Amino acid sequence: MPNPLSKEPQEKNSKHLMGMENVIRKGRSDDLHIFPVHKEQELQEENGLSVWVTADNMKAFVKLRRKVLPANVEKVLRTCGIKAHLDLDVLTNEKFQEEALEKQHEILVCDQGNLKQVVFDLHFFQNRRTLYRFLQGLYDGVREEKLPLINISAGTVIARRRTEEELKELRDIFDVFGALQDEQRRLVSLKVDKGLHEDDEGTITSSEDGHFKLSGNSLSVNPLFAIRSLEDWFQGDLRFIGSVEVGDQVMENFDIVAGHDITIKGCSDTSNLTAGGSIIVGEGILGQMTAQTRAKQLVKAGYINQSSVTCDHDIELIGGAFHSKVHAHGVLSAKSGSIVGGENYGAQGVIAKELGAVSGVKTLVAAGVYEEIPMSLDVVKEEMETIGLKLVELYRVVQPLLSVKNSGYGMDQSDRDLLHQSVSRIKALKERRSVLTAWVKDHSVEACLNARVDVLSKVYQGVTIMINNCRFEVKEELGRVSFLADLGRGTVMVKDLMLK
């Protein structure tokens with residue numbers, strides 16, 4: 001039965017490249033038919049490879065057009081719907097890649113029919129050596145306090161547990177997920193715990209984002225990486241797929257990128273923080289205007305001082321913001337604190353106890369749409385309109401080139417280059433438009449247009465209020481007021497505080 005991903009088989013005379021000398025894998029025989037995968041061909045070309053499969057979908061190969069990074073191979077295979085389960089150390093070997101390129105051999109990346117060995121997901125294999133060394137140490141009686149940090153994404157196939165019969169056939173009894181030995185040198189099965197799932201065939205898969213945690217002989221995936229003391233982390237900047245928690249008086253000038261939340265019990269001092277979820281800081285965010293803090297869901301802190309903080313939604317401050325750049329694409333709130341100096345923006349409104357200072361320090365407070373703020377909804381709308389115009393122009397270039405290509409008369413090199421560049425540009429613009437469309441969907445236009453600035457106590461001279469691109473300069477001290485935009489007149493209205 002023909003492969004649904006492919007069109008026509010291709011006979012190959014080249015012999016399958018087996019890899020490094022100490023790696024033995026079955027490749028394909030000379031009479032094995034393999035089919036090119038036509039799905040995501042542009043992605044394959046961009047990453048310098050092509051993907052091939054057998055008719056029964058049991059084996060998959062890649063052919064290199066240039067040297068590649070293993071991570072790029074993983075991305076292409078996943079997009080094509082292929083999970084590569086082989087331990088591909090060969091792809092990290094430069095000489096191996098050179099030989100594969102020179103001889104145009106196919107590299108076996110998936111063999112569903114060969115399950116007599118431990119199998120590793122390609123997404124995970126780059127960290128295999130680290131985990132293997134740790135577990136080998138346990139096997140040799142060397143007990144370390146904790147596993148090294150390895151990012152494991154949900155859905156990653158970690159390994160397949162070997163059966164007792166398979167273990168008996170092995171010369172080297174040690175197996176990462178097969179068995180360890182206790183003090184009496186008896187086989188002890190390594191158990192899987194929270195965050196890992198083992199099916200009936202012994203395939204072990206991560207059920208959530210996180211890192212490995214070993215308790216006794218039970219292995220789990222922990223979605224939280226906790227730094228309780230300085231000894232817990234001394235490897236420089238931290239990148240973790242799950243959530244990160246940092247204890248009090250521990251945070252020292254290193255950057256954190258977390259796939260989920262970041263919680264810091266003390267201060268964040270001149271550190272760049274990026275979170276796919278929320279950022280919670282018990283004390284202050286300090287930056288000397290060199291550090292960047294960015295979260296998708298929420299930023300909550302005691303105060304912000306000379307730092308740049310951006311959140312896709314709300315920012316909540318207890319003490320306030322001082323001489324900083326604070327951009328909230330939801331509500332910016334400092335109900336018990338002051339906003340003094342800097343550039344402060346809340347797309348859906350700003351509420352603070354005080355704005356500015358008695359000294360008259362210049363302070364910008366903006367709400368609603370504001371053309372000076374990246375990703376403000378008016379800026380996004382304008383960019384989407386520009387993208388639409390550029391796409392129309394590119395389609396006018398591409399259509400006649402495609403007609404020539406499809407006619408079978410051939411194209412000269414300059415036309416091929418122009419077509420490739422134009423198609424790549426169209427793809428990039430569509431991806432950007434998709435991001436902007438999702439942003440508009442996630443942010444209420446009505447809430448922006450109805451945004452206001454509420455001051456619970458005082459606003460001082462020197463403060464500039466911008467609401468929906470309408471400006472108001474505070475010339476005298478005001479108390480308990482609300483600022484609203486009069487879009488019809490293009491002005492800002494000042495009213496008694498409108499909160500209940």
Checklist entry - Accessible area per residue, 1.4 Å probe, Å², for the range 327-402: what's the number? => result 43
Item to check | For the range 200-314, radius of gyration divided by Kirkwood radius, i.e. Rg to Rh on alpha-carbons | outcome: 1.05
Checklist entry - Cα-Cα over 30 Å: which of 296/335; 59/296; 75/103? => result 59/296
Checklist entry - Using modelled backbone amide H atoms (1.01 Å from N, in-plane), which distant-in-sequence or interchain residues come within less than 5 Å of residue 272's amide H? => result 255, 256, 292
Checklist outcome for this item: Counting only residues 5 or more apart in sequence or on a different chain, those whose built amide H sits under 5 Å from that of residue 304 are 285, 320, 321, 322
Item to check | For the range 424-481 and the range 335-361, distance of Cα centres in Å | outcome: 14
Item to check | Point-charge dipole on Cβ atoms (K/R +1, D/E -1) for the range 392-434, about Cα centre, debye to 20 | outcome: 280
Next on the checklist: Place a point 7 Å from Cα of residue 359 in the direction of its Cβ. Which residues in the range 316-336 have their backbone N less than 16 Å from it?
Outcome noted: 321-324
Checklist entry - So what does log10 I(q)/I(0) come out to for the range 277-317 at q = 0.15, 0.28, 0.30 Å⁻¹, using the Debye formula with one equal point on every Cα and no solvent? => result -0.28, -0.94, -1.05
Checklist entry - By average Cβ neighbour count within 10 Å, what is the ranking of 310-320, 425-435, 406-416 from highest down? => result 310-320, 425-435, 406-416
Checklist entry - How many angstrom separate the Cα center of the range 258-332 from the Cα center of the range 366-397? => result 27
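The values are calculated or read from the model by the stated rules, or taken from the named source; none is laboratory data. A quick note: this is a predicted structure, and the numbers were derived from the prediction, not measured. No Cβ is skipped: glycine too gets one built from the backbone with ideal geometry, and neighbour counts run over all protein chains shown. Heads up: the accessible areas ignore ligands, DNA and RNA and are worked out on the full protein's heavy atoms, side chains in. Shrake-Rupley method; radii C 1.70, N 1.55, O 1.52, S 1.80 Å.
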